[in-house]
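Read through the structure below, which is laid out as structure tokens, and then see the notes.
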Amino acid sequence: MSSKPLSQFMTVRLKPSDHKAFRAKASRYGGVSEVLRELVVAFLEDRMTITPPSNPRKENLYVTRIQD
């Protein structure tokens, strides 16, 4: 990680049930901040694949990728 301190924030609105479930599950992996930080970095480094649900709400997130 960089030697500069982390100083930027991100916020997102969730249903209370999703928030509670995420906090509970994230606690097993270092906490909410650690999990969100890893998700952002993985997304930026193209290490993350999002599989569309059976009933997608955000179709533009689910782009067919060419396998390397």
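The values are calculated or read from the model by the stated rules, or taken from the named source; none is laboratory data. For clarity, every value in this text was computed on a predicted model and none was experimentally measured. As a convention, Cβ positions derive from the backbone with ideal geometry for all residues, glycine included, and neighbour counts pool all protein chains shown.
A few remarks follow.
- Candidate set from region 28-45 (those that are part of a helix (DSSP H, G or I) and in contact with a Lys or Arg (Cβ under 9 Å, 6 or more places away or on another chain)); member that is farthest from VAL12 (Cα to Cα): VAL41
- Conditions (1) free of Cβ contacts under 8 Å to residues at least 12 places away in the same chain; (2) surrounded by 12 or more Cβ atoms within 10 Å (Cβ to Cβ); number of the one not met by SER7: (2)
- Each residue in region 33-50 was checked for being touching a Phe, Trp or Tyr at 6+ places or on another chain (Cβ under 8 Å) and at pLDDT below 90, and 1 of them qualify.
- Filter pass, SER17 being over 16 Å from the mean Cα position of the chain (by Cα), part of a helix (DSSP H, G or I) and at pLDDT 75 or above: yes
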